[in-house]
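Read the structure below first, then the notes.
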There are 2 protein chains.
Amino acid sequence: MSRRIAIIGAGPSGMAQLRAFASAAAQQAEIPEIVCFEKQSDWGGQWNYTWRTGLDEHSEPVHSSMYRHLWSNGPKECLEFADYTFDEHFGRPISSYPPRAVLWDYINGRVHHAELVPGRLLKDAVRFSTAVRQVSSHSERGYLLTSEHLPTGQQSTEHFDAVVVACGHFSYPHIPAFEGIKTFPGPVTHAHDFRGAESLAGKDVLIIGGSYSAEDIGIQAHKLGAASVTFSVRTQPMGFGWPDTLQEWPLVERFTGSTTHFLDGRTRSFDAVVLATGYRHHFPFLAPELRLVTANTLYPDGLYKGVVFEGARDLYFLGMQDQWFTFNMFDAQAWFVRDLILQRAVLPDPQSQRRDIQTWLTRLKSVQSVREDVQFQADYIADLIELTDYPSFDLDTVVETFLAWKQDKKENILTYRDRCYRSVMTGTLAAPHHTPWMEAFDDSVEEYLREDSSPRYSALSSLTRQ
Amino acid sequence: MSRRIAIIGAGPSGMAQLRAFASAAAQQAEIPEIVCFEKQSDWGGQWNYTWRTGLDEHSEPVHSSMYRHLWSNGPKECLEFADYTFDEHFGRPISSYPPRAVLWDYINGRVHHAELVPGRLLKDAVRFSTAVRQVSSHSERGYLLTSEHLPTGQQSTEHFDAVVVACGHFSYPHIPAFEGIKTFPGPVTHAHDFRGAESLAGKDVLIIGGSYSAEDIGIQAHKLGAASVTFSVRTQPMGFGWPDTLQEWPLVERFTGSTTHFLDGRTRSFDAVVLATGYRHHFPFLAPELRLVTANTLYPDGLYKGVVFEGARDLYFLGMQDQWFTFNMFDAQAWFVRDLILQRAVLPDPQSQRRDIQTWLTRLKSVQSVREDVQFQADYIADLIELTDYPSFDLDTVVETFLAWKQDKKENILTYRDRCYRSVMTGTLAAPHHTPWMEAFDDSVEEYLREDSSPRYSALSSLTRQ
C-alpha cells in the first residue's frame, strides 16, 4: 500500500511542502500520496485576506491576521523563492515592498500550474474548507487524522504515515488581561482582528505592544489620519524617529473607563485600543503529546533541524521559528522534510539529533546583536539547503539586506518602503513604485502594476486571478 | 459501577440541570455521578460577561454575546424560576427589567449553596476552564467524551452513560457575506462581538437584521448618542415607533467603500456596521451523527418533548428552542431529563415519540398570531411540568405578560423597560427602578440596588459575589 502524507495547512509553508514534492516528481521521483488539509476555501494562509474577524462562516477561528493596506514590512528580496523569482512571475522589476495581494499573486503563481502526477494539479491535493479536528498516534505506526468538511459537517478519520504541521503561528492571538479593561468604552481589538485603520482617523489610539504588529499598525493609523498614536511598550522602546503625534510610553497598568494609567504614573485618555500583544503557538487539533510547546524564538527546542519533532516519529513542523526569513526558509525546511519522507535523507539517532539541537540552542544564547541574530537564521537555512537540492543562494548578502532595511527604518519609519533592493537570485534591482508609500491608498494588484505593458505578466495574471 | 452523567455547559440550562439533580437529592433520591463541563472559568453562560471578543485567552471561541449596559429585554416575571423567586433572592421587590449583572446574581444565588451530596456543592460538580473536544457513541452503550483542561492542555477521555448538551445556541454567529463588504472602511461587528455602544456616539450606524439583537443594539446606540441608526431588514419591518434618527430600510445589496446600496436602489454612507444576523445551532464537539440540525424554531424537529434526541439514546439537548420563555423553560426541560435519567419517567417507544413530535410540529405550522406563538411555548412547558415535580405556575398569565410587553414596546420602544409587572410566583408587583432606563448609565448590581437597606440581600450578596 502506498504511503500517505498529511500536510496541515496550505499557506506559504504548506504550499512550500507541496512544491517540494512537485519538484521531486518533476525529476521522476516516486511520490507518496499527499493530502493537504486547508480550512479556508483557497490557499495562501495569512495571505488569503478576509474581512471576517473572530469566527468565520463555519464558526472556525479566522486564520488570517492581515489588514487592508498591509504592504510587506520587509524587502521582498529577503523572502524571494530561490526556485521561482519575482522576475519570473512578474516579467519585469517591481518594487521592494509589494502589498499583500501582490505577494499572494506571487506565491500562488509558483504553484497553480504545478503537477504532482501528470494531469493532477498540486491544488487537487488540497482539501479546502476542511478542518483538521484531531491527530493522534496510531498504535502501530503513523497517525490517525480526523478532519471535517466544514460545509457539510462530514468527518473522516484516516491513517497517515507522516504528518507535516504547516498551520503557522500567527493565527491564535495572545490577549493578556489588564485591570479595568472591561470598562474601556471604545473598541478593544487585537491585531489579529484588526482589518484597517480608516476608523482611527481623528482618534487618539493606544497600541499595546512594541514589535512588528504595533509598529505597522501604528504607522498605518498615522497614514490614515489618527490624531495620535501612543505605543505602550513592555520592554525596550522601538526607538524609531516617530512623527510628533506618535509616542512610546511604558506599559499600561490599568484602565478606568477611557482613562489609561501607565506604570510610570501618567494617565491619558484614548478612543481606541489595539492589542499588538503577539500570538500563541497553538495546536488544538494535535493530541497533547504531539504539540510543539514553545515561545516565539529563532530555534524552538524539540525540533531537529528546526522541523523534526523529537517527541514522536514522522511528525514535522514547518515555519515555527521566529522569522527574519520567511518563504525561502519554509522552502528549505519543506525540501528537507520531503527528503526525509522520500528517504533520500536519513535521520541520525536521537542522541545525535539532541546534540545538533543543543549546538544551535547554545549558539542562540550567545547572540548579542541584530547582525548575529539574522546571521543565525541565515546559517540555519544554509545548513538545511546543504542537505537538499533546493537552489543555493547568497544568504550572506540577504543578511546585509536585512541590516540595511533595519537601518532604513531607523532613518525614516514612514519612507523605508520606498527604498529599492537587489535580488540575490536574479541580480535585478527593484523598480521604485510609482507612488510613495505614504501616498499610496490603493493596494490592489491592478493599481500596483499600473502602466505595466508586459504581455507576459498580463497573460499569467489572467490565469492566476480568476 | 455507578452511572455517570455528563452535562455540557454551565449556563442557565446546565445550571438548571444541576439544580434538578440537587432537588431530587434533597428528597433522598440516589443521584448518579454528575460531571458538568464548562469552558469558561465561572458559570452563568451568556450571563458571564467578558470584554473579550473572537477568541478567549485559551484561543477558544468566546461564548458570551452580551454587552455592557445590556438590561433584560423582557420582563423578569416571564423568566422567574418557580422554585427560587426574585423575592427569595433579593428580599424586596425589584424592577421588571434588571441589568445583566443582576440576573447573573439571581441565577448564581439559586445554586451556589446547593449540594448534590452532603458536603459537596453543586459547583464542585463543574469542571471549569474545561472544553469538550469530542463526544462519540460508545460501541456498547453510552458515550466517550474527550475534554481538555484549557490552562494545562491536559486531555481525558471518559465514559458517560448519558450526555446532556446544555451549551446554548447564541454563541456561534451567523455571518452572511455581502458583496463589497471587505471595502467598508469602518468597523464591521457581529452582535456576538458587540461589547458596547459608546464608540458609536455621533456615528451613522447601519444595523443589518430585524430581530431582538438589532432592536436592542439600535436603541443602545441611540441611548449612547449615535447620530443615526439605520436598520436593514430582510423580511418584515420591526415597526416600532422609532425616534426620528432611527429608520428601517430594506436589505443591503452591496457595499462600495462606506457607501451602502440597498435593494430598493437607495444608497447611504455609514460609519459602522453591526451584523445582527443571528446565530447558528453549532455543535462542533459532537460526532456528526449526534448533532442536532435545526433552524431557530419553537420546536426543533428530532427532539421528543423538545429535549430527547431521536437519533441516539441517552442524549439530551436543553434550551435549543427559539425562546419566549427561558430560565423556567430550561427548568421544566431539566427536571424532565433528570426524571428520565433517574428512571422516574419512562420513554415511550420510538413510534410514539415521533407521533408526539409530529403533533407539536403540526400545531406549530398552524400558528397565526403572536398570542398563539407564545401560547404554543407555554403549553409545551405545561406539558413538561405535568410529567415532573417542578412547581407548577400560572403559565397563561405569563402569556398575558408577554403580550403586554409586546404592546409596551409598540407604545414606546425607549420606555418599555420602565414598566412593572406582577410575579405569578409570589404575587409581588415589581418596584419601579430609581432611574428611567434611558437615563440609567450604570448597570452595576450596586447601583441597581442603591438605597436598599435590606440586610437579607446584603448578607446574601456578600456570599454570592466574591
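The values are calculated or read from the model by the stated rules, or taken from the named source; none is laboratory data. None of the values given here were measured: they were computed from a predicted structure. Here the Cβ is made from the backbone with ideal geometry for all residues, glycine too, and neighbour counts use every protein chain on show. Please note that ligands, DNA and RNA were not included when accessible areas were found on the heavy atoms of the full protein model with its side chains. Shrake-Rupley method; radii C 1.70, N 1.55, O 1.52, S 1.80 Å.
Miscellaneous remarks
- Cut-off of 10 Å, at most 15 other beta carbons, DSSP loop: longest stretch of chain A lacking such trypsin sites (Lys or Arg not before Pro): A:1-140
- Using a 7 Å projection from Cα along Cα-to-Cβ, the label point at B:THR267 is separated from the same position in the remaining copies by 4.6 nm, smallest value first.
- Region A:175-275: relative contact order in percent, alpha carbon pairs under 8 Å with at least 6 residues between: 38 percent
- Axis-proximal residue, chain B, for the rotation superposing B on A (Cβ, Å): B:GLY54, 2
- Shown for A:SER41: label points 7 Å from Cα along the beta-carbon vector, and their distances to the equivalent points in the other copies, 3.8 nm in ascending order.
- Pairs from A:LYS39/A:LYS223; A:LYS182/B:LYS76; A:LYS203/A:LYS223; B:LYS305/B:LYS410; A:LYS406/B:LYS182 whose Cα-Cα separation, in the structure shown, is over 23 Å: A:LYS39/A:LYS223; A:LYS182/B:LYS76; B:LYS305/B:LYS410; A:LYS406/B:LYS182
- FRET efficiency, B:GLN236 to A:ARG355 (Cβ-Cβ, R0 60 Å, nearest 0.05): 0.25
- Sorted shortest first, the distances from the B:ASP244 label point to those of the same residue in the other copies are 4.1 nm; each point sits 7 Å from Cα along Cα-to-Cβ.
- The charge dipole of chain A, taken about the Cα centre with unit charges on the Cβ atoms of Lys, Arg (+1) and Asp, Glu (-1), comes to about 620 debye, rounded to the nearest 20.
- A Förster radius of 51 Å combined with the Cβ-Cβ distance from B:GLU447 to B:GLU30 puts the calculated FRET efficiency at roughly 0.65.
- Between helix B:12-26 and chain B there is an angle of about 30 degrees, using the helix long axis and the longest principal axis of the Cα atoms.
- Note on B:143-154: average number of Cβ atoms from other chains within 10 Å of each residue's Cβ is 1.
- Cα gyration tensor category, rounded, prolate or oblate, for region A:310-383 with a/c compared to 1.5: oblate
- Between the alpha-carbon centres of region B:317-354 and region A:279-343 there is a gap of 49 Å.
- Taking Cα atoms only, the orientation of helix A:455-464 departs from the longest principal axis of chain A by about 80 degrees.
- At least 40 Å² accessible surface lost relative to isolated chain, residues of region B:12-61 (1.4 Å probe): B:TRP51, B:ARG52, B:LEU55, B:SER59
- Simple spin-label estimate for A:SER366 and B:THR415 in nanometres, 7 Å along Cα-Cβ: 8.1 nm
- Karplus 3J(HN,Hα) series, Hz, for region B:140-145 with 6.51 cos²θ - 1.76 cosθ + 1.60 (x for Gly, Pro): 8, 6, x, 9, 9, 10
- Rounded to 10°, Cα long-axis angle of helix A:212-223 versus longest principal axis of chain A: 50 degrees
- Computed over chain A: relative contact order in percent, which uses C-alpha pairs under 8 Å that are six or more apart: 20 percent
- Whether region A:175-275 is rounded, prolate or oblate, judged on the alpha carbon gyration tensor where a/c under 1.5 counts as rounded: rounded
- FRET efficiency, B:SER392 to B:GLU140 (Cβ-Cβ, R0 41 Å, nearest 0.05): 0.55
- The phi-based Karplus calculation (6.51 cos²θ - 1.76 cosθ + 1.60; θ = phi - 60°) puts the 3J(HN,Hα) values of region B:405-420 at 4, 4, 5, 4, 5, 4, 5, 6, 5, 8, 10, 4, 6, 8, 6, 10 Hz, whole numbers, x for Gly and Pro.
- Legend: residues A:GLU198, A:GLU148, sorted from most to least accessible area (1.4 Å probe; ligands, DNA and RNA excluded), read A:GLU198, A:GLU148.
- Under 5 Å, built H, 5+ apart or other chain: amide partners of B:ILE34: B:ILE5
- Shielding of A:186-199 by partner chains, average beta-carbon count, 10 Å: 5
- Cα centroid separation - region A:93-171 against region B:148-199, whole Å: 24 Å
- Amide H to amide H, with H built 1.01 Å from N, B:SER72 comes under 5 Å of B:ARG100, counting only residues 5 or more places away or on other chains.
- 3J(HN,Hα) along region B:428-435, derived from phi through the Karplus expression 6.51 cos²θ - 1.76 cosθ + 1.60 where θ = phi - 60°, amounts to 6, 8, 4, 8, x, 5, 5, 9 Hz, with x in place of Gly and Pro.
- Virtual spin-label span in nm between A:SER211 and A:VAL117, 7 Å along Cα→Cβ: 4.2 nm
- The residues of the protein assembly as shown expose, per residue, 38 Å² of accessible area to a 1.4 Å probe.
- B:GLU248 long-range amide H proximity, modeled H, under 5 Å: B:PHE231
- Here's the picture: charge each Lys and Arg Cβ at +1 and each Asp and Glu Cβ at -1 in chain B, and of B:LEU315, B:PRO348, B:GLN17 the one pushed furthest to the positive end of that dipole is B:LEU315.
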